[in-house]
Structures are given as C-alpha cells and as structure tokens.
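One structure is given here, and the rest of the page talks about it.
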Amino acid sequence: METRKIQTVGGGTYTVSVPKEWARKQNLETGEAVRLYTHRDGSLIVRGEQSEATPLASVTLSVDDHSIGAVEQLVHGAYVTGFERITIVAQDSLPPEHRQAVRTVSRQLVGTNVLETEPTALVVRAMLDSSAVSVRQSIDQAVSIVTSMLQTTVDGLSEGTPITEHVQHRRPEVTRLAALIRRHHNRSLRSFEELDALGIDRVPLARYTRMAGRLEDVATTIVRLAEIVEEVSLSDEHSQIVADQIDTIGSSLQAASECILDQTKRIDPASQRLPSADRHLDHGGPDDGASDPARARVRDALGRLRADVRSVERLGDQPAIAHQ
C-alpha cells in the first residue's frame, strides 16, 4: 500500500498524485484523462479511459455437439457471471431441443427474456435493472422458503402426509434467488457502478452471496431428508423425535439468518448450539435390541442438515466478531 498527500492547485482544486508504475502499466501519459468513481462506502476508483469497455455486455456461446444439459449449464453460467446478452449459436441450425433447453433454463432465472433471432441463434436478455434488485430482500425470501420447507417436513411427520413433492417443488425457488445474488455479486467485481445501483456495500454483498450458497445446501438436504422419511417406516414416537429436531434446527437457522441480515445482532452462544446426535433414534421399543438401519438413515440426514445450518451460524458469527 502507498500513501499520497492531498494538495491544492490553482483556485483550490484538490489533487492526488498516482504512482508512476501504475500509470505505466495502464499506458497512461501526461495529459490523458482518467475516470473517477465515488462510492457510498467512501472508496474512490481511478480508471483509464482505455479500460472502460463493458466486458459483461454480451457473450456468444457455440453449442455444436453439446448435450441439452450442457446447453442449460452454459446459459445458467453466463447469467450468473453477469452477462446482459447471451447468444446461443450453432453452425448450421440450432436444434429444437436446444432451443427448448434455452427457454427452460431462462424461465428458471430472474428477469430474463428469450429472443428469436435466426435459425442458427437464440438470444437470452437479462432485462432486470440492478437498481430494482434488493439483495437483502432476496436473501430474506430464500430464508422464508427454506423455513417453509422445514415446516412442511415437520407437518408431514406429524400428519403422515406426503412431503417430498412439495419440498422438491420449492427448492428451485431457492436456486433461482441464489443465482440472482451471485449474478450481481459477480457484476460488482467487474463493474464499479453495480454496487451503487444495488445500494449495498462490498462486505454485506459478499456475505449475502455466501449465505445464498449455504441456503441452497440446506434446501437440497431438506429434500433428501424428506425422501428418506417417506421411504422408511418410523413409529409415532420416532416421528415426533425427528419433528422436534427439525424444529430446533429451523429455529437456529432463523436466528443465524437474522444476525446476517442485521449486523448489530449477535447469536446467543447458549442457544445456537445444535445437538450433535439423535441418540433417541438409536433405540427402539422394548423388543428392539439393535439400531434400525432405517432410523440410521434418518439420523444421518439430520446430521447433514445440522452441518449445513451450522455453516450459516458460522457466517452469522462474523458480524459479532467485527463488532467486538
């Protein structure tokens, strides 16, 4: 790090010199203009005019010999990277199944529109303006969806109703919101104006992006837990034990999420620690002399869910450390 003194020139204009080595690397000469960007977090960015290209404006992706899954991954990856215009092309003609794949993945993304151009190409446009995006609200919505998935699982255990289909239906909603957050985080790393448009600083945006990934993990684990619960046969007693555990895990997730969204809050060390194991699931009734493999599968899924939520708790601990 280098330091520079602020000086005044002429009628009181403030000036700060830039390092000569930096200017040479940017191919800047005396008299050339540079662009200055000020941000709400107090930072000042200096860029040469030759570096003012918009690398995220568009990208063209060739899909010759690509599978449908690969086409979907390409579109999803380009969207998350932050491109505004994604053109899918084929040398001769874009197959109908590839066109359908592009439309399918586009419907799973926030703020996109598919444009027909020509037989060999299809264009996906990101139409949502960054100033209309609330990253915090998106995280809050993802937490609400995951919490609803947990509650659905608890209700299914108590009432004996199907749960897998419902939680499977809601998981893509979490993925959709996570992709939106990653997209704008990646754009903020390339475009200095993105943070101002979002109305957020770098540190909370990075924290929300990490949290979005953790919420995806939680949602995926809930689906797996729901599948196992429906596959195995649990007694009423064991179903209640599992439901109680899920309630505890859900409460911990909500507490950690509140700390991440509100940096002035801290996780209560006395209440954040989740049980390390479901020992009650290891024992059956009077005639059960051994651990049931079915209950072992449920216990393992609960352990995975606990680990996922603990990762959110650790992220929630970070603001507390910063405020100590």
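The values are calculated or read from the model by the stated rules, or taken from the named source; none is laboratory data. These numbers come from a predicted model, not from an experiment. Ideal geometry is used to build each Cβ from the backbone, glycine not excepted, and the neighbour counts take in all protein chains shown. The protein model used for the area step is the full one, side chains on, heavy atoms only, and it has no ligands, DNA or RNA in it. Shrake-Rupley method; radii C 1.70, N 1.55, O 1.52, S 1.80 Å.
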### Message
Let me spell it out: the conditions are (1) within 24 Å of residue 184 (Cα to Cα); (2) exposed (fewer than 13 other Cβ atoms within 10 Å of the Cβ), and residue 47 meets all of them except one. Which number is the exception?
### Response
(2)
### Query
Mind checking which pairs have a first residue in the stretch 231-246 that is under 18 Å from residue 148 (Cβ atoms) and a second that is open to solvent by 20 Å² or more (accessible area, probe 1.4 Å) and not hydrophobic (A, V, I, L, M, F, W, C), Cβ under 6 Å, 6 or more apart or different chains?
243/158
### Message
Just to be sure before I move on: is residue 189 of a type in the set (A, V, I, L, M, F, W, C), assigned to a helix (DSSP H, G or I) and crowded, with 20+ Cβ neighbours inside 10 Å in the structure I sent?
### Response
no
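Conditions (1) open to solvent by less than 80 Å² (accessible area, probe 1.4 Å); (2) under 25 Å from residue 197 (Cβ atoms); (3) out of contact with any Asp or Glu (no Cβ under 7 Å at 6 or more places or on another chain); (4) at pLDDT 95 or above, marked per residue:
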site	(1), (2), (3), (4)
11	no, no, yes, no
14	no, no, yes, no
36	no, yes, yes, no
90	yes, no, no, no
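Yes/no matrix, rows are residues, columns are (1) at pLDDT 95 or above; (2) closer than 30 Å to residue 214 by Cβ; (3) open to solvent by 30 Å² or more (accessible area, probe 1.4 Å); (4) of a type in the set (Lys, Arg):
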position	(1), (2), (3), (4)
65	no, no, yes, no
68	no, yes, yes, no
79	yes, yes, no, no
86	yes, yes, no, no
96	no, no, yes, no
116	no, no, yes, no
129	no, yes, yes, no
139	yes, yes, no, no
142	yes, yes, no, no
### Message
Kindly evaluate residue 175 against the criterion of being open to solvent by less than 20 Å² (accessible area, probe 1.4 Å), polar (S, T, N, Q) and at negative phi.
### Response
no
### Query
If you take the residues in the stretch 86-114 that are basic (Lys, Arg) and more than 21 Å from the chain's Cα centre (by Cα), which one is nearest to residue 180 (Cα to Cα)?
103
### Exclusive hit being under 30 Å from residue 294 (Cα atoms), aliphatic (A, V, I, L, M) and buried (at least 16 other Cβ atoms within 10 Å of the Cβ), set 222, 200
222
### Task
Using the structure shown, decide if residue 162 is part of a loop (DSSP other than H, G, I, E, B) and farther than 30 Å from residue 47 by Cα.
yes
### Query
Here is a list of conditions, (1) open to solvent by 20 Å² or more (accessible area, probe 1.4 Å); (2) at pLDDT 95 or above, and residue 213 meets all of them except one; can you say which number that is?
(1)
### Summary
Going through (1) exposed (fewer than 10 other Cβ atoms within 10 Å of the Cβ); (2) in a loop (DSSP other than H, G, I, E, B); (3) over 32 Å from the mean Cα position of the chain (by Cα) one by one, residue 28 fails only at (1)
